[in-house]
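*Asks:* Structure provided below as structure tokens; questions to follow.
The values are calculated or read from the model by the stated rules, or taken from the named source; none is laboratory data. Just so you know, these numbers come straight off a predicted model, no measurement behind them. Cβ atoms come from the backbone with ideal geometry, glycine included; neighbour counts cover every protein chain shown. Ligands, DNA and RNA are stripped out before the accessible areas are found, and what is left, the full protein with its side chains, is counted by its heavy atoms. Shrake-Rupley method; radii C 1.70, N 1.55, O 1.52, S 1.80 Å.
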Amino acid sequence: MLRRIAHVRSFPIILSLGALLSACGGGTSTSQPSPATTAGAAATAAPAASAAPAEGGSVDAKETLIFAADLSDQISLDPAVVYEFGGIQVVGNIYQSLVTLVPGQTTVSPSLAKSWDVKGTDDGWTITFALDEKAKFASGNPVTAEDVAYSWGRVLDLNKSPAFLLSDVGGLKKDSFKAVDAKTFEVKLAKTVSPQVFLSVISFSVAGVVEKATVEANAGSDMGSSWLNDHSAGSGPYVLSSWERNTQNVLDVNPNYWGSAPAIKRVIMRNVTELANLQSAIETGDADIVQDLGAEQVQALSGNPNVDIVKAESTLLVYIGMNATFAPLDKVEVRQAIRYALNYDDITTLLGGNGTVTQEIIPSGLFGHTGELPFKQDIEKAKGLLAQAGVAENTELELLVPTGPAPGGIEWSLLAAKIQDDLGKIGLKITIKQIQQSELLNTYRAQKGQLVLINWGPDFPDPDGNVTPFTNFAAKSIAWRNSWENKEIGDLGAQAAVEQDSNKRLELYKQVTERVLNEGPYAMLYQPTRAYGVSKSISGFQYSAASTPSIWFWTISKK
């Protein structure tokens with residue numbers, strides 16, 4: 001029997017994020033741009049080869065935003081492939097999905113879809129999206145349901161890092177969705193998939209819609225993936241003008257944007273990997289916004305009449321991954337010993353107020369976070385666990401570490417040295433290998449790291465955004481990267497994802513948390529606070545841990 005659930009315009013997400021901890025005048029509220037009020041321009045007969053910048057090469061300084069951050073993790077700008085923080089920040093300003101998460105709000109809101117219905121049957125769920133008639137690509141062509149079906153099918157065919165969000169979390173196959181007509185898109189979900197979770201999943205960049213005709217015309221041998229690293233085919237406020245690897249990205253305003261025209265016509269995202277250089281850039285005016293200042297830089301900039309310090313709560317987690325196929329990391333006792341060897345108080349000191357120690361896989365701000373900290377440094381206990389596992393003194397392990405600053409403004413190298421020192425006290429000899437973050441991610445995703453120091457952020461604001469990646473080996477995400485498979489814990493996580501009773505769901509996540517804490521291949525370290533330096537000339541800046549992208553450039557203006 002068909003069971004109608006609701007006509008939905010927005011769907012509540014289980015989230016209690018505080019978007020801003022403090023905003024010293026630099027952070028102002030933002031709102032989603034309203035659709036253009038003018039009649040939609042006639043669609044062009046053929047797609048453009050690429051979207052051209054609106055202003056050509058001439059943009060006024062007041063219409064240009066310089067954003068400086070560590071972007072050394074960038075690997076791809078294809079929405080079907082990108083799965084790195086730097087790349088998502090670019091893609092999220094270029095591409096749109098059916099729904100979005102507006103900064104500061106906890107509900108899924110319309111984007112390319114103006115409305116949707118969720119219907120339940122005994123077999124599963126059907127979600128029917130009505131696309132906004134005004135939505136169009138940068139080429140001027142309308143966004144159609146066929147473009148959505150092509151984009152999602154392309155994600156499944158390419159099957160790159162973020163594809164598990166549609167295939168494993170959403171349970172989609174290519175016959176799970178279809179274009180009913182030009183403006184109606186239908187998705188069928190299994191009963192084991194939560195519609196609430198699914199709607200938040202598709203706010204993420206992996207569900208971004210590309211223009212089918214443009215990408216197909218430039219498909220090459222990889223479905224257009226290489227082409228999309230230097231061009232764009234989206235409907236968002238900006239188009240990609242250039243990506244100079246390891247140097248900068250340049251975004252120009254989309255001349256055919258169907259929403260309110262952004263005040264900022266050009267965004268230059270510069271890759272700056274030294275904390276001192278970030279401080280210098282905002283002090284001298286070489287940058288309008290700098291990301292992830294350290295405690296020392298925050299102190300130095302405090303009182304600067306031209307700069308606001310904006311601190312924002314994140315849902316990132318910094319952790320050590322332990323590959324469970326490398327001896328002796330294949331032993332639970334060794335992984336436990338490493339957790340007991342770490343001095344978490346020292347990490348707090350290093351953070352200098354830019355984060356808090358956490359030891360679980362669900363961050364503060366998401367449903368299911370317990371706040372429990374069962375591990376304190378206990379060298380004798382750690383040594384005893386190593387002895388129990390038969391680990392010899394001076395056993396050698398390699399720790400892969402990114403270059404540049406970690407979230408929270410600690411140099412990755414400094415944090416690594418602290419870990420090396422702590423583990424040395426229990427007889428583990430750690431060799432630090434520091435490499436660019438994009439190279440490290442490729443190694444980690446190939447299951448080749450032994451110990452890996454890295455960070456993770458949930459792709460959507462639900463505990464399942466962390467629990468599936470950290471526990472489901474089949475999803476080929478974090479558990480897979482660490483070669484750790486525990487089907488019992490993975491099944492617990494899957495059960496929690498679809499549980500409708502919040503009390504039962506909470507209990508399931510508590511069980512998952514405890515099991516991973518004691519058996520998993522992770523030493524969770526801290527949840528950073530992000531510190532931004534923002535020029536006084538900037539208004540409309542806001543960081544949102546939940547939305548994609550985390551910073552909406554199109555809501556920013558400059559005096």
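*Asks:* Would you point out which residue out of G408, G353, G365 is open to solvent by 30 Å² or more (accessible area, probe 1.4 Å), on the phi > 0 side of the Ramachandran plot, under 29 Å from the mean Cα position of the chain (by Cα) and not hydrophobic (A, V, I, L, M, F, W, C)?
*Replies:* Selected residue: G353, the only one of G408, G353, G365 that is open to solvent by 30 Å² or more (accessible area, probe 1.4 Å), on the phi > 0 side of the Ramachandran plot, under 29 Å from the mean Cα position of the chain (by Cα) and not hydrophobic (A, V, I, L, M, F, W, C).
*Asks:* So, in region 111-129, of the ones that are in contact with a strand residue (DSSP E or B) (Cβ under 6 Å, 6 or more places away or on another chain) and open to solvent by 30 Å² or more (accessible area, probe 1.4 Å), which residue ends up nearest to G259 (Cα to Cα)?
*Replies:* Ranking the qualifying residues of region 111-129, first place goes to K114.
*Asks:* Inspect all residues belonging to region 517-538 and state whether any of them is closer than 30 Å to V108 by Cα and outside any strand (DSSP E or B).
*Replies:* No: region 517-538 contains no residue that is closer than 30 Å to V108 by Cα and outside any strand (DSSP E or B).
*Asks:* Of all residues in region 539-559, which are open to solvent by 10 Å² or more (accessible area, probe 1.4 Å), of a type in the set (A, V, I, L, M) and touching an Asp or Glu at 6+ places or on another chain (Cβ under 9 Å)?
*Replies:* The one that is open to solvent by 10 Å² or more (accessible area, probe 1.4 Å), of a type in the set (A, V, I, L, M) and touching an Asp or Glu at 6+ places or on another chain (Cβ under 9 Å): A545.
*Asks:* So, one more: Could you tell me which of the residues V187, V250, V169 is free of Cβ contacts under 8 Å to residues at least 24 places away in the same chain and either touching a Pro at 6+ places or on another chain (Cβ under 9 Å) or open to solvent by less than 60 Å² (accessible area, probe 1.4 Å) (or both)?
*Replies:* Unique residue meeting the criteria: V250.
*Asks:* Looking at (1) touching a strand residue (DSSP E or B) at 6+ places or on another chain (Cβ under 6 Å); (2) open to solvent by 10 Å² or more (accessible area, probe 1.4 Å); (3) at pLDDT 95 or above; (4) of a type outside the set (A, V, I, L, M), which is the only condition D181 fails?
*Replies:* Going through the list (1) touching a strand residue (DSSP E or B) at 6+ places or on another chain (Cβ under 6 Å); (2) open to solvent by 10 Å² or more (accessible area, probe 1.4 Å); (3) at pLDDT 95 or above; (4) of a type outside the set (A, V, I, L, M), D181 breaks only (1).
*Asks:* Determine whether T325 is among the hydroxyl-bearing types (S, T, Y), assigned to a loop (DSSP other than H, G, I, E, B) and open to solvent by 60 Å² or more (accessible area, probe 1.4 Å).
*Replies:* yes
*Asks:* Moving on. Might you check whether a residue that is farther than 26 Å from N354 by Cα, at pLDDT 95 or above and either among the basic types (K, R) or open to solvent by less than 20 Å² (accessible area, probe 1.4 Å) (or both) occurs anywhere in region 411-425?
*Replies:* Checking region 411-425: at least one residue is farther than 26 Å from N354 by Cα, at pLDDT 95 or above and either among the basic types (K, R) or open to solvent by less than 20 Å² (accessible area, probe 1.4 Å) (or both).
*Asks:* Among the residues of region 328-350, write down those that are in a helix (DSSP H, G or I), aliphatic (A, V, I, L, M) and either crowded, with 23+ Cβ neighbours inside 10 Å or touching a Pro at 6+ places or on another chain (Cβ under 9 Å) (or both).
*Replies:* V334, A337, I338, A341
*Asks:* Condition test on E393, is it of a type in the set (D, E), closer than 30 Å to P461 by Cβ and either open to solvent by 50 Å² or more (accessible area, probe 1.4 Å) or part of a helix (DSSP H, G or I) (or both)?
*Replies:* So E393 fails the test.
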